[in-house]
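Take a look at the structure set out below.
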Amino acid sequence: MTFSIQAPIDQFELPHPSGTGCFQISVSRVAKAPEGAKVPVLFMLDADIGFALAAEIARLRGTVGGLPTAMVVGIGYGADYAEFAKLRTADLTPPLSEAGRAALGGMAGLIGEQDGGAEAFLGFLVETLKPEIARRYAEASATDHILCGHSLGGLFTAFALLTRPDAFATFLAGSPSLWWDGFAILTHLPAFAERLTKLERHPRVLVSVGGQEQDAPTKVPLGLGMSLADVQAMVAASRMVDAASEFAVALRDAGLREVADHVFDGEDHGSVIPAALMRGLCFAVPAAD
C-alpha cells in the first residue's frame with residue numbers, strides 16, 4: 001500500500017458565535033491512517049500561528065516515527081498578527097473585572113480591549129465545530145478529542161477543563177496565562193471538584209511551561225508599549241512557572257486522576273511551543289506498550 005508523506009490539508013469557514021465574521025478552520029488529516037480506523041482529533045487554538053507547526057509535528061510522529069498520531073483541527077481567523085492578537089483575546093478569555101483590566105496597563109494596546117468570550121467560544125467548539133468535523137471526516141474519533149492551547153490559549157484550556165471537564169478527553173495547557181484577572185480562574189476549582197465526582201471517566205491533563213518564563217526580561221517585547229520596569233513587574237506578578245506547577249497540584253487535590261506537569265528547562269514563552277506540542281501529542285496519543 002502506498003501513501004503520500006504529506007498530510008492532506010483542508011480549509012473551510014464557520015460563522016463566529018457573535019454573528020459577525022467567521023473562523024477559518026484548517027484540518028490536517030493523518031496521512032497513514034489504517035483503513036477504517038478512528039483517529040484522535042487534536043483541536044489547536046491560535047491556528048494562525050500554531051496550526052502548521054502542530055500539523056507538521058503530528059505528521060512527523062505518524063509517518064517518520066511510525067507512532068500513533070492525531071488529525072489536527074486548527075481554529076483561526078485568517079488575519080494579520082495585529083488583528084489576530086485582539087481577536088484571540090476576545091475569544092479565549094473569561095470576563096475581566098475592572099481591577100483586572102487596570103492591571104493590564106500598556107498590554108491592552110497589543111492584545112486589545114475586548115474580552116470575556118471564553119464561554120461562547122467553548123460552546124462553539126463543542127456544539128458546532130465537533131459535529132462539523134464528525135460530518136466531514138469519517139475517520140475522526142467521536143470521543144478521543146484533545147484541546148491544545150498556549151498562553152491565553154492555555155488559559156482557555158484551563159477554563160474549558162474547569163467548567164466542562166467532559167468536553168475533551170485530554171487537555172494540553174501550555175504556558176497558561178493563569179494570571180489573567182488576578183488568577184480568577186482558580187475560583188472555579190471547588191465547582192470543578194464537584195463536577196469530577198459525577199464523571200465516570202476523568203479527562204487527562206498536561207500542564208507545561210518554559211523554565212525561563214519567570215525570569216526577569218532584559219528588554220521590552222516589540223509592540224508592548226510598557227517600560228522595562230513595568231514589564232519586569234508584570235512577569236514577576238504572573239509567576240508563570242510557579243503558577244503552572246501549583247495549578248497541576250490543585251487539579252490533583254481536586255480529585256483529578258491523571259495530571260502531568262512539565263517544565264522545559266532553557267525555554268522561554270515562545271521557544272517552548274514546539275517542545276510542548278511534541279510532549280503534548282505523546283501524552284495525548286501514547287504509543288502502545
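The values are calculated or read from the model by the stated rules, or taken from the named source; none is laboratory data. As the structure is a prediction and not an experimental result, all values here were calculated from the model. Glycine also receives a Cβ, built like all others from the backbone with ideal geometry; neighbour counts cover every protein chain displayed.
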*Going through segment 272-289 one residue at a time, which ones are loosely packed, with under 14 Cβ neighbours inside 10 Å and either in contact with a Ser or Thr (Cβ under 8 Å, 6 or more places away or on another chain) or free of Cβ contacts under 8 Å to residues at least 40 places away in the same chain (or both)?*
ASP289
*Working only within segment 211-245, note down all residues that are under 24 Å from the mean Cα position of the chain (by Cα), part of a loop (DSSP other than H, G, I, E, B) and touching a residue at least 40 places away in the same chain (Cβ under 8 Å).*
GLY211, GLN212, GLU213, ASP215, GLY223, LEU224, ARG239
*Which ones in segment 191-234 are over 22 Å from SER271 (Cα atoms) and out of contact with any helix residue (DSSP H, G or I) (no Cβ under 9 Å at 6 or more places or on another chain)?*
GLU194, LEU196, THR197, LYS198, LEU199, GLU200, ARG201, ALA229
*asked:* Suppose we filter PRO165, PRO95 for residues that are over 25 Å from PRO274 (Cα atoms), at pLDDT 95 or above and touching a Lys or Arg at 6+ places or on another chain (Cβ under 8 Å); which single one remains?
replied: PRO165
*Residue satisfying all of: in segment 47-87; among the hydroxyl-bearing types (Ser, Thr, Tyr) and part of a helix (DSSP H, G or I); nearest to the chain's Cα centre (by Cα) among these*: TYR81
*Kindly list, by first and then second residue, each pair from a residue in segment 252-271 that is over 18 Å from ASP242 (Cα atoms) to a residue that is basic (Lys, Arg) and part of a strand (DSSP E or B), limited to pairs with Cβ atoms under 6 Å and residues at least 6 apart or on different chains.*
GLU258/ARG204
_I want to confirm something. Restricting to segment 246-289 and keeping residues that are in a strand (DSSP E or B) and charged (D, E, K, R), which single residue is nearest to the chain's Cα centre (by Cα)?_
ASP261
*Can you name the residue in segment 18-48 that is over 19 Å from GLU139 (Cα atoms) and modelled with pLDDT of 95 or more and is also surrounded by the fewest Cβ atoms within 10 Å (Cβ to Cβ) among such residues?*
CYS22
*Of the residues that make up segment 104-112, is at least one without any contact (Cβ under 8 Å) to a residue 24 or more places away in the chain, exposed (fewer than 15 other Cβ atoms within 10 Å of the Cβ) and either over 12 Å from the mean Cα position of the chain (by Cα) or in a loop (DSSP other than H, G, I, E, B) (or both)?*
no
*List pairs: first in segment 166-193 and on the phi > 0 side of the Ramachandran plot, second of a type in the set (Asp, Glu), Cβ under 9 Å, 6+ apart or cross-chain?*
SER175/GLU213; ASP181/ASP115
*asked:* Quick check on my filter: what residues within segment 168-210 are hydroxyl-bearing (Ser, Thr, Tyr) and part of a loop (DSSP other than H, G, I, E, B)?
replied: SER175, SER177
*Test: residue in segment 114-121 that is surrounded by fewer than 16 Cβ atoms within 10 Å (Cβ to Cβ), in contact with a Pro (Cβ under 9 Å, 6 or more places away or on another chain), small (Gly, Ala, Ser) and closer than 24 Å to VAL41 by Cα*: yes
